[in-house]
Amino acid sequence: MKFIFVRHGKTHFNEMNLTQGWCDSPLSQLGVKQVENMSLQLKNYCISKAYTSPLGRAVETSEIILQNHNIAPIYDKRLKEVNFGILEGMNTELVRKPHVEEPDWVDTLVMDYRPYQGEDLHDVIHKHLEAVNDIITSSQEDDTILIVGHGCSLYGLVATLISHDPRFTFPDNATAIIVDYKEGHFFLDTILKAVY
């Protein structure tokens, strides 16, 4: 089984450096170009099923990618980004001031927005793992599955699945992380970056 995890394309909020979890912003012109390029790179993958976060930026990304594959995405709310609570929509420099995230959170996965009416990253990863396990249970061994989601949550998920592969870093917008699943284990295959 093969998983293709894709972070959504760049949004207007990304370009304005605004915190974007459950609040939403559509893809920017650059974001659309990024995803169109990724769609071309994924054209020859035989995608059997597709799942997406229901947030608009992820849905828009999945629809562009799937234009070449004649399947519709399944929305799964477990694939949503971390909820940043009352800090949603704020400038990311201001959001860093309360030190909710550890400076090395990409290594430790310590990110807890619960004091600000948001979520803890580990709870979000747990929801993602539950979704992935359900997908595995309902899929065939030779399926290729597209999952479109978000930066922090997908990073946390994939870092948990493949442990410490040095090739894996926080994904840019419209990056595809291709992971093989065999006999209960996940292995990083390749990482595709949008070229535009």
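Just so you know, all these numbers are worked out from the coordinates, no wet-lab data involved. Note that this is a predicted model, so its numbers are computed, not measured. With ideal geometry, Cβ positions are generated from the backbone for all residues, glycine too; neighbour counts draw on all protein chains shown.
What order, most packed first, do the peptides 71-77, 11-17 have when packing is the mean number of other Cβ atoms within 10 Å of each residue?
Put in order of decreasing packing, that is 11-17, 71-77.
Taking only DSSP H segments of four or more residues, each worth -39500 (n - 2.57), what value at 222 nm results for the chain once the sum is divided by all its residues, to the nearest 500 deg cm²/dmol?
Mean residue ellipticity, 222 nm, calculated: -9500 deg cm²/dmol.
Search the structure for amide H atoms under 5 Å from the amide H of residue 189, placed 1.01 Å from N in the peptide plane, and list their residues when 5 or more places away or on another chain.
When sequence neighbours closer than 5 places are left aside, the close amide H contacts are 178, 179, 180.
If you keep only loop residues by DSSP, which trypsin sites (Lys or Arg not before Pro) in segment 100-196 have at most 11 other Cβ atoms within 10 Å of their Cβ?
When the trypsin sites (Lys or Arg not before Pro) of segment 100-196 are filtered for loop state and at most 11 Cβ neighbours within 10 Å, 167 remain.
What is the sum of charges, Lys and Arg at +1 and Asp and Glu at -1, for the other residues whose Cβ falls under 14 Å from the Cβ of residue 164?
-2
To make sure I understand the rule: partners must be aspartates and glutamates, Cα under 12 Å from the Cα of residue 127, and not fewer than 8 residues away in the same chain. Which ones qualify?
76, 81, 119
Using a Gaussian network for the chain with springs between C-alpha atoms less than 10 Å apart, which of these wobbles most: 90, 111, 38?
Fluctuation is largest for 90.
What residues have an amide H closer than 5 Å to that of residue 120, excluding those fewer than 5 places away on the same chain, when H is modeled at 1.01 Å from N in the peptide plane?
Close amide H contacts, sequence-distant or interchain: 113, 114.
Each residue of segment 74-86 in order: what ³J(HN,Hα) in whole Hz does its phi give by Karplus 6.51 cos²θ - 1.76 cosθ + 1.60, θ = phi - 60°, with x for Gly and Pro?
Whole-Hz 3J(HN,Hα) from phi for segment 74-86: 9, 7, 9, 5, 5, 8, 5, 5, 4, 7, 8, x, 6.
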